[in-house]
Each structure stands twice: as structure tokens, then as C-alpha cells.
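Since the structure comes first, as C-alpha cells, the remarks are kept for the end.
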Amino acid sequence: MAEIEVVELLVSAAHRFGGRPSDGPADGPEDESVSRVEVRRGLGLVGDRYFGQPAHRDAAVTLMAVESLPVRPDGSPGLRQTRRNILLRGVDIDSCVGSTIALDSGAGPVLFAVNRPARPCAWMDVTVGPGARRALRDKGGVRCTPLSDGVLTVGRATFEVLDAPPGPA
């Protein structure tokens, strides 16, 4: 079990990155960044645009490592730019594909199946900055299915890999 930090949480009811990246993102509410989220098994984050959507059940929640984000003079981009849900510090989340993980920010562990990488798209060059799509290749975060109900909050947390995929023989 590792001590980590939940840096930021994002719950967005709106899909803001539709159409062409050159047109820029659609306006969205300012309250997407939250200090607390409710997680529901098999459904996602309460209030998020992917909550309970059958087509997104295996990718309802996205986690990303803050260490993967480029540092800019005006500060690093966050979840509003990457459109991920949970930003972590202190864990290489991209190496956990195929694993079951537990994330506990104090209200009890929340389990996630880490299903696949969250590939960066052309929007990253617009919202994060030129070259971000290439820079975030293999570091764009992961798409997960929640395996338990729970609550996550910003701040100190513990992280544990419960079930890792078998390594090469």
C-alpha cells in the first residue's frame, strides 16, 4: 500500500470536447472541479456525463497521474483541460492496466478495474498546449470500471494494487 495524493476531482455533466478541436471546447459549468465525489459500482461518478451510460460502463471513470502532465510557466494543466476525472500524485497509474486497484481517501477503499489506457486525442494540443498529444502518449491516464460504491475526496490517500495481470513468462 502506498501513500499518495488525490490532487483534483472532476465531475462534468456536459461533454465539452465535441466537433473540431480548432473550434475550441464548448462552454461548461465552472463547478466541475469538486472536492468530493460519490462512486457507484458499475455506474461511475454521480453527476458525471458517463454515469450509468451502457456504452461507457468499462470506461466510466478516468484516472491520471499529475506527474504525466507537462509543466507550463503559468502552472500545470489540470482535469478541466484533460477531461479526466481523478488526478493522482505519487503513483504510475498508466502501468496498472489490467489490474484491480483500491483507492482510499479516508472513507474506505473504492475498487476499480483498470481496463485500458485513456489515449490522448487532438483536443490535448488545444486545451493543454501544442505537442501535448504526443507528449501524453502512453501517459494519458486509464479508463476504469468502479467495482464498489464509495466516496473519494481531494487530499491524502492510499493506493494499492489488489490484482495485477500476470507478467511475461
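Conditions first: (1) in a helix (DSSP H, G or I); (2) modelled with pLDDT of 90 or more; (3) more than 16 Å from the chain's Cα centre (by Cα). V161 passes all but one, so which condition is the exception?
Result: V161 fails condition (1) only.
From the residues in segment 15-41 that are open to solvent by 20 Å² or more (accessible area, probe 1.4 Å) and either of a type in the set (S, T, Y) or at pLDDT 85 or above (or both), which one is farthest from A102 (Cα to Cα)?
Out of the qualifying residues, it is S22.
Among the residues of segment 134-154, write down those that are closer than 27 Å to G106 by Cβ and of a type in the set (D, E). Break it down into steps so the answer makes sense when it comes.
As a first pass, look at segment 134-154 and keep what is closer than 27 Å to G106 by Cβ: 141-154.
Once the filter is applied, which keeps residues that are closer than 27 Å to G106 by Cβ and of a type in the set (D, E), segment 134-154 yields only D149.
With the structure loaded, tell me whether A102 is of a type in the set (G, A, S), open to solvent by less than 20 Å² (accessible area, probe 1.4 Å), at pLDDT 95 or above and touching a Ser or Thr at 6+ places or on another chain (Cβ under 9 Å) or whether it fails that test.
yes
What pairs come up if the first residue lies in segment 148-164 and is among the acidic types (D, E), the second is open to solvent by less than 30 Å² (accessible area, probe 1.4 Å) and part of a loop (DSSP other than H, G, I, E, B), and their beta carbons are under 9 Å apart, counting only those six or more places apart or on different chains?
Taking only residues 6 or more apart or on different chains, the pairs are D163/S99.
Look at S76 and say whether it is hydroxyl-bearing (S, T, Y), out of contact with any strand residue (DSSP E or B) (no Cβ under 8 Å at 6 or more places or on another chain) and either at pLDDT 65 or above or open to solvent by less than 80 Å² (accessible area, probe 1.4 Å) (or both).
yes
The values are calculated or read from the model by the stated rules, or taken from the named source; none is laboratory data. Computed from a prediction, not measured in an experiment: that's the story for all the values here. Heads up, the Cβs are rebuilt from the backbone with ideal geometry, glycines too, and the neighbour counts pull from every protein chain shown. All accessible areas refer to the heavy atoms of the entire protein, side chains included, with ligands and DNA or RNA removed. Shrake-Rupley method; radii C 1.70, N 1.55, O 1.52, S 1.80 Å.
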